[in-house]
Amino acid sequence: MNKLLIRGGAPLAGEIRISGAKNSALPILAATLLTEQPVILSSVPHLHDITTMLELLGCLGVGVVLDEKMRLEVDASKIDSLVAPYDLVKTMRASILVLGPLLTRFGEAHVSFPGGCAIGSRPVDLHLRGLEAMGATIDIDGGYIRARAPSGGLKGSHILLDMVTVGGTENLMMAAVLARGTTVIENAAREPEIVDLANFINTLGGDVEGAGTDTLTIRGVAGLRGGSYRVMSDRIETGTYLAAAAATRGRVLLKDTDPHTLESVLLKLEKAGAHLSSGKDWISLDMRGNRPRAVNLRTAPYPAFPTDMQAQLTAMNAVAEGTGRVTETIFENRLIQTHELNRMGANIALEGNTAIITGVERLKGAPVMASDLRASASLVIAGLVAEGETLVDRIYHIDRGYECIEEKLQQLGADIRRIV
Ligand code: UD1
C-alpha cells in the first residue's frame, strides 16, 4: 500500500498551480447525464474520485474520451443501464449524485444506498424527500434506492430543505432541470460548487436562477443541448497549501485559483499572522518567517468556515503560538485525526465536537495513519512541520482529492516522496 515519507522542518517556498475542483467536477460529471448531446469538460482533476465517477458513467453506458488537450468528451446520448451498483457507490458517496439526473431524464433509477463512512453516518434522506415532493416513488429494496418518476416525468415543486446539504441541493437541482414546471428549493446550499453546477447547466440551455443564494428557482426545460465548460478551481486544495505554508512559516504563490471562494479561510490565516495578497486568479501568502498564532474557528455551511478545511487549520494550530478552539458542526467524527496529531507530540484535548489545541514549538515525526481525505491532508501538514521522519499510511484517501500532492509539495521545496 502506498505511503508518503516526509522529512519535515523546511518552510514551504515557491509557486504552484491549483487544479480543478473535485467537488465541482463530480456533480458536473453527473449532470452530463441530463443531455443526449456531447459535452466537453476542461480542468477536470486527475483524481481517484473522478475515476470512480467516470467508471460509474461507463457502467451506465456513457461514452467518455480524453482528448489530446486533456479535456473530457462525455457522450450520454445512449444509456444502457439505470443501475448504480453497490461496488462503485460504496467506494464513493458522491455516486448518489447520478440519482436525480437519471430519474428526471429516464423516469427510473436504481442507486445503491450509500453506507456510513469514517466521518459519520451521512444520510441521504433529504435527497429522497425532495424527489418524492417532485412526484417520485422511492422504495428501498435489496440495499438499493429504487426511484420511479410519475408518467409524464417529475413535476416542479416547492422544496424546503430542513438542513443545508450540498449534495442534496445538487441532486434536486439536477432533477428539477428536466421536470415539468418550476421548482423552488429553499434553504439551498450556497457553496461555490453549487454556482459552478448551475452555470454548467445554464451553459447547456437549462434555467437555474439564484445559485449562490439560499433560494434556487429552476424552470424545467424539455431538453439540454451539448457544450463546453471549464470546471472552477479547487478552493479546498488552495486552502490546504495556504495552511501548509502558514504552519511551516513559509511563503507561497498559488496560481489558477479564485480568492473569492475562500474568504472565511483567508480571514483566519490573516488572524494567524499571514501576509496575504491576491489578484483575480492568484493568492500569495507570506509568514515572513514567523510562527503562526492560534485561531478559533467553527465550521458551518458556506460562506462560513468550511468543514473541509477544519483538519488543516487544526494542524496549523498544533504548532501555533497560543491556544485555539476548533468546533466541528457539520460531521460527527471529524476530529478523529487529532489522536494521530497527539502521537506526533501535539497537545489537543477533545470536548465533544470541539478540539482545544495548545500549540507546541515543534512536532515530532512518527508513523501515522490517514482516516479520511482531509484528515490525511492535516497529517501531511503535520509531517512538514515535524522534526524527523513522518510516514503517512493509507494515502489512498489523499489520492481521492489531491492531484499530484507530492509533486506540488516538492515544487515548494518539501522533502516528501511516495513509497510503493
Ligand atoms: C459535500 C462535499 C464534502 C463536504 C460537505 C460539506 C462533495 C462531493 N462533498 O458533501 O466534501 O465536506 O459537502 O460541505 O461535494 N445530511 C442529512 N441528510 C441528507 C443530506 C445531508 O442529514 O439527506 C447531513 C449530513 O449528514 C451532514 C450535513 O447534512 O451532517 C451536510 O452534508 P452535505 O452538505 O450533504 O455533504 P455532502 O454533499 O455529502
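The values are calculated or read from the model by the stated rules, or taken from the named source; none is laboratory data. On a predicted model such as this, the values are computed, not experimentally measured, just so you know. Positions of Cβ are generated from backbone atoms using ideal geometry, with glycine treated the same way; all protein chains shown enter the neighbour counts. Areas reflect the complete protein model, heavy atoms only, side chains present, ligands, DNA and RNA absent. Shrake-Rupley method; radii C 1.70, N 1.55, O 1.52, S 1.80 Å.
Values computed for the structure shown
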| quantity | calculated |
| --- | --- |
| Failed item in (1) over 22 Å from Pro27 (Cα atoms); (2) in contact with a Pro (Cβ under 9 Å, 6 or more places away or on another chain); (3) of a type in the set (Val, Ile, Thr); (4) within 16 Å of the ligand (Cβ to nearest atom), with Val124 passing the rest | (1) |
| Condition check for Val265: surrounded by 19 or more Cβ atoms within 10 Å (Cβ to Cβ) and over 21 Å from Pro192 (Cβ atoms) | no |
| Residue match in the range 159-178 (condition: closer than 17 Å to Thr215 by Cβ and assigned to a strand (DSSP E or B)) | yes |
| Matching residues, the range 325-382, being farther than 17 Å from Gly8 by Cβ and small (Gly, Ala, Ser) | Ala349, Gly352, Ala355, Ser371, Ala375 |
| Flag for Met92 being at pLDDT 95 or above, at negative phi and within 16 Å of the ligand (Cβ to nearest atom) | no |
| Subset tally (residues that are touching a helix residue (DSSP H, G or I) at 6+ places or on another chain (Cβ under 9 Å), outside any helix (DSSP H, G or I) and not acidic (Asp, Glu)) for the range 226-244 | 6 |
| The range 155-188 - residue that is of a type in the set (Gly, Ala, Ser) and more than 15 Å from Ile96 (Cβ to Cβ) and, of those, nearest to the ligand (Cβ to nearest atom) | Ala188 |
| Leu41 being free of Cβ contacts under 8 Å to residues at least 60 places away in the same chain, open to solvent by less than 30 Å² (accessible area, probe 1.4 Å), closer than 18 Å to Gly226 by Cβ and away from the ligand (no atom under 15 Å from the Cβ) | no |
| Residue check for Thr217: within 30 Å of Gly359 (Cβ to Cβ) and not charged (D, E, K, R) | no |
| Hits in the range 57-108 (condition: small (Gly, Ala, Ser), closer than 18 Å to Asn23 by Cα and open to solvent by less than 10 Å² (accessible area, probe 1.4 Å)) | Ser95, Gly100 |
| Residue count, the range 245-274 (criterion: small (Gly, Ala, Ser), assigned to a helix (DSSP H, G or I) and closer than 14 Å to Arg288 by Cα) | 3 |
